[in-house]
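K.L.:
The following block contains the structure, expressed as structure tokens.
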Amino acid sequence: MAEIRLESVSKSFGTVNVINDISLTVHSGELVVFLGPSGSGKSTLLRMIAGLETIDSGALTIGGERSEHLPPGQRNVAMVFQNYALYPHMSVRENMAFGLRNIGMAKNEIETRVKDAARILEMEELLARRPAQLSGGQRQRVAIGRAIVKEPKAFLFDEPLSNLDAALRVRTRVELAELHQRIKATMIYVTHDQTEAMTLASRIVVLNNCRIEQIGTPMEVYSNPASRFVAGFVGSPGMNFLRADVSGAGRTKARLGDGSEIELSVDGPGSGSYELGIRPEAVRVVRSAEATTTAKAGVVERLGERTLVYCTLTDGSTLIAQDQGRSAVQPGDSVALRFETNALHLFDAGGRVFHAH
């Protein structure tokens, strides 16, 4: 296990700046997820840690050792790619041992490490098979096993589940979480899938436009987004956003486009026009007497334990509300909605957030 520290690192490709003055510490034994859309810089940042991309400026420390000048083989990190890159003519055992043989490790030590990795990954019975005889999830486990046998200071995962189908992705995600709990290694995991980030991470680093938008635990990022971008990117279904005119101080009053008013306590914003953000689970279908506003139901998604109702307010604004699993709402119904005011966020024109409390 090892701490990884980035201090003011930057990277450009020609005139294009892809990493902009990022500082970050990944603690020993932590599983940190780099989350962001395509082009946000997350994979480039991971490759800079691995040594596959140079660091133009700033410092990288791995396990207390300055590492930005070291070649990849001397950084003692292991990378697992989206493409498994297994040798098709070799068995699982030979694939896992290949890198260790190349550095001249003793045969008995190689065999011990391969057996230990196979036991950790519960794949002892697969050691004699070749990649063509394995499922996609099993191939990914072999790629992870090849990293484990190196006994690295840290594991770096670059979107390792994106080639798997949906059901296998869920199962392999659970296996990765269990693996981290068993070996308690330092891991950095890159993904654009916020569900993977929420379920795997000790902390999430949300990247956008080559910089860090927010660092926090999954629930900190979900419940208290640091910006309009984070609020919209994290969560499935996404956060609702409605135009709101705000007046007052202390006990703030927000008027929605349909004329309904919400009283909420928010620190900071002055009077003016804002976006009001609220997650679907904080907009509930209720009896008329409890309602904040009313809307017309469109699509009704019945998900078993809950029902999502896609609604349109009288001014044409749309939002998603949540009802109980056995909801009686039908498309076209008029529904009464209550906003949970302690779960509201206001965003100004620059994307700055003010949280209700």
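K.L.:
One residue is enough: does the range 297-309 have a residue meeting the conditions touching a residue at least 12 places away in the same chain (Cβ under 8 Å) and more than 29 Å from the chain's Cα centre (by Cα)?
P.N.:
Yes - at least one qualifying residue is present in the range 297-309.
K.L.:
Checking the condition exposed (fewer than 15 other Cβ atoms within 10 Å of the Cβ), of a type in the set (A, V, I, L, M) and part of a strand (DSSP E or B), which residue from VAL285, VAL299 passes? Working first, answer last.
P.N.:
On the way: VAL285 fails: exposed (fewer than 15 other Cβ atoms within 10 Å of the Cβ).
Being exposed (fewer than 15 other Cβ atoms within 10 Å of the Cβ), of a type in the set (A, V, I, L, M) and part of a strand (DSSP E or B) holds for just one of VAL285, VAL299, which is VAL299.
K.L.:
Being in contact (Cβ under 8 Å) with a residue 12 or more places away in the chain and either under 17 Å from PHE354 (Cβ atoms) or touching a Phe, Trp or Tyr at 6+ places or on another chain (Cβ under 8 Å) (or both) is the filter here; which residues of the range 208-220 pass it?
P.N.:
Within the range 208-220, ASN208, GLU213, GLN214 qualify.
K.L.:
Give me a count of the residues in the range 58-103 that are assigned to a loop (DSSP other than H, G, I, E, B) and among the hydrophobic types (A, V, I, L, M, F, W, C). Before the answer, list the steps.
P.N.:
So in the range 58-103, the residues assigned to a loop (DSSP other than H, G, I, E, B) come out as 63-64, 67-71, 75-76, 81-91, 103.
Within this subset, residues satisfying the condition of being among the hydrophobic types (A, V, I, L, M, F, W, C) are 70, 81, 85-86, 90, 103.
Result for the range 58-103: 6.
K.L.:
Take THR307 and tell me if it is out of contact with any helix residue (DSSP H, G or I) (no Cβ under 6 Å at 6 or more places or on another chain) and surrounded by fewer than 19 Cβ atoms within 10 Å (Cβ to Cβ).
P.N.:
no
K.L.:
Return a yes/no flag: does the range 104-117 have any residue that is out of contact with any Lys or Arg (no Cβ under 9 Å at 6 or more places or on another chain), farther than 19 Å from PRO160 by Cβ and outside any helix (DSSP H, G or I).
P.N.:
There is at least one residue in the range 104-117 that is out of contact with any Lys or Arg (no Cβ under 9 Å at 6 or more places or on another chain), farther than 19 Å from PRO160 by Cβ and outside any helix (DSSP H, G or I).
Residue-by-condition table, conditions (1) small (Gly, Ala, Ser); (2) at pLDDT 95 or above; (3) closer than 26 Å to GLU94 by Cα:
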residue: GLY136; (1), (2), (3): yes, no, yes
residue: VAL142; (1), (2), (3): no, no, yes
residue: GLU151; (1), (2), (3): no, no, yes
residue: ASN163; (1), (2), (3): no, no, yes
residue: GLU178; (1), (2), (3): no, no, yes
residue: THR195; (1), (2), (3): no, no, no
residue: VAL206; (1), (2), (3): no, yes, no
residue: ARG211; (1), (2), (3): no, no, no
residue: PRO225; (1), (2), (3): no, yes, no
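K.L.:
Oh, and also: Select from the range 337-357 the residues that are under 18 Å from GLU263 (Cβ atoms) and part of a strand (DSSP E or B) and list them in ascending order.
P.N.:
LEU337, ARG338, PHE339, HIS345, LEU346, PHE354, HIS355, ALA356
For (1) acidic (Asp, Glu); (2) at pLDDT below 95; (3) in contact with a strand residue (DSSP E or B) (Cβ under 7 Å, 6 or more places away or on another chain); (4) not assigned by TED's automatic domain parsing to the domain that holds ASN208, each residue gets a yes or a no:
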| position | (1), (2), (3), (4) |
| --- | --- |
| GLY259 | no, yes, no, yes |
| LEU264 | no, yes, yes, yes |
| GLY268 | no, yes, yes, yes |
| LEU276 | no, yes, yes, yes |
| ARG302 | no, no, no, yes |
| TYR310 | no, no, yes, yes |
| ALA321 | no, no, yes, yes |
| ASP348 | yes, yes, yes, yes |
| GLY351 | no, yes, yes, yes |
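K.L.:
Moving on. Considering the range 118-149 alone, what residues qualify as being more than 22 Å from PRO160 (Cβ to Cβ) and buried (at least 20 other Cβ atoms within 10 Å of the Cβ)?
P.N.:
Once the filter is applied, which keeps residues that are more than 22 Å from PRO160 (Cβ to Cβ) and buried (at least 20 other Cβ atoms within 10 Å of the Cβ), the range 118-149 yields nothing.
K.L.:
Still on this model: Any residue that is assigned to a loop (DSSP other than H, G, I, E, B), of a type outside the set (Ser, Thr, Tyr), over 26 Å from the mean Cα position of the chain (by Cα) and assigned by TED's automatic domain parsing to the domain that holds ALA85 - is there at least one of those in the range 151-173?
P.N.:
There is no residue in the range 151-173 that is assigned to a loop (DSSP other than H, G, I, E, B), of a type outside the set (Ser, Thr, Tyr), over 26 Å from the mean Cα position of the chain (by Cα) and assigned by TED's automatic domain parsing to the domain that holds ALA85.
K.L.:
Check the range 303-313 and report whether any residue there is within 14 Å of LEU242 (Cα to Cα) and either touching a His at 6+ places or on another chain (Cβ under 8 Å) or not in a strand (DSSP E or B) (or both).
P.N.:
yes
K.L.:
Shifting gears a bit: Which of the residues spanning the range 189-230 are over 11 Å from the mean Cα position of the chain (by Cα), farther than 21 Å from ILE278 by Cα and surrounded by 19 or more Cβ atoms within 10 Å (Cβ to Cβ)?
P.N.:
Across the range 189-230, the qualifying residues are ASN208, CYS210, ILE212.
K.L.:
Of the residues GLN322, GLN330, only one is among the polar types (S, T, N, Q), part of a strand (DSSP E or B) and touching a residue at least 24 places away in the same chain (Cβ under 8 Å); which?
P.N.:
GLN322
K.L.:
Restricting to the range 13-46, name every residue that is in a helix (DSSP H, G or I) and without any contact (Cβ under 8 Å) to a residue 60 or more places away in the chain. Explain how you work it out, then say what you get.
P.N.:
The first filter runs over the range 13-46 and keeps only residues in a helix (DSSP H, G or I), leaving 42-46.
If the condition is that a residue be in a helix (DSSP H, G or I) and without any contact (Cβ under 8 Å) to a residue 60 or more places away in the chain, then THR44 is the only one that fits.
K.L.:
Now a separate question. Given the criteria surrounded by fewer than 18 Cβ atoms within 10 Å (Cβ to Cβ), touching a Ser or Thr at 6+ places or on another chain (Cβ under 8 Å) and free of Cβ contacts under 8 Å to residues at least 60 places away in the same chain, does SER10 qualify? Working first, answer last.
P.N.:
Numbers: surrounded by fewer than 18 Cβ atoms within 10 Å (Cβ to Cβ): yes; touching a Ser or Thr at 6+ places or on another chain (Cβ under 8 Å): yes; free of Cβ contacts under 8 Å to residues at least 60 places away in the same chain: yes.
In short, yes.
K.L.:
Looking at the range 36-81, which of the residues that are hydrophobic (A, V, I, L, M, F, W, C) and within 20 Å of LEU161 (Cα to Cα) is surrounded by the fewest Cβ atoms within 10 Å (Cβ to Cβ)?
P.N.:
Residues of the range 36-81 that are hydrophobic (A, V, I, L, M, F, W, C), as a first pass: 45-46, 48-50, 52, 55, 59-60, 62, 70, 77-81.
Checking which are within 20 Å of LEU161 (Cα to Cα) leaves us with 45-46, 50, 77-81.
Details: LEU45: 27, LEU46: 21, ALA50: 17, VAL77: 25, ALA78: 22, MET79: 22, VAL80: 22, PHE81: 13.
The qualifying residue surrounded by the fewest Cβ atoms within 10 Å (Cβ to Cβ) is PHE81.
The values are calculated or read from the model by the stated rules, or taken from the named source; none is laboratory data. These figures come from a predicted structure and were not determined experimentally. No Cβ is skipped: glycine too gets one built from the backbone with ideal geometry, and neighbour counts run over all protein chains shown.
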